[in-house]
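Asker: My questions will all concern the structure given below.
The values are calculated or read from the model by the stated rules, or taken from the named source; none is laboratory data. Being a predicted model, the structure only gives us computed values, none of them experimental. Here the Cβ positions follow ideal geometry from the backbone for every residue, glycine too, while neighbour counts run over all protein chains shown.
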Amino acid sequence: MIVIFLLVGLAHFLSHRLEKISTKSKLRKLFWYFYGGYFLFYGIFRNVEDNWNVLGIIFILIGLLILLLNFLGKIETRSNLD
């Protein structure tokens, strides 16, 4: 239980430190690339495992869509806090 409290406290501390970084948009862009890559990898893995599963194809399409939209700059969030 103490380990979980320490992990949550560490995550809270790091998130507050990241709020003060001026490169938040770069971090967001990196996050979306990671997220889209994760969906793409999971969809490919699911298709290899189940031999062209419909859900795996949907994951591949979502991953490609996220990667494409991030590359084109359509996912960027603009706020007054940046």
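Asker: Within the stretch 35-79, which residues are of a type in the set (Gly, Ala, Ser) and either under 25 Å from residue 25 (Cα atoms) or not in a helix (DSSP H, G or I) (or both)?
Answerer: 36, 37, 63, 73, 79
Asker: Residue under question is residue 29, and the condition is that it be at pLDDT below 90 and in contact with an Asp or Glu (Cβ under 9 Å, 6 or more places away or on another chain); does it hold?
Answerer: Taking the combined requirement at face value, the residue satisfies it.
Asker: Just to be sure I understand the filter: pairs with C-beta atoms under 9 Å, separated by 6 or more residues or on different chains, first member in the stretch 34-54 and more than 10 Å from residue 66 (Cα to Cα), second member assigned to a loop (DSSP other than H, G, I, E, B). Which pairs pass?
Answerer: So the pair list comes out as 43/53; 46/53; 47/53.
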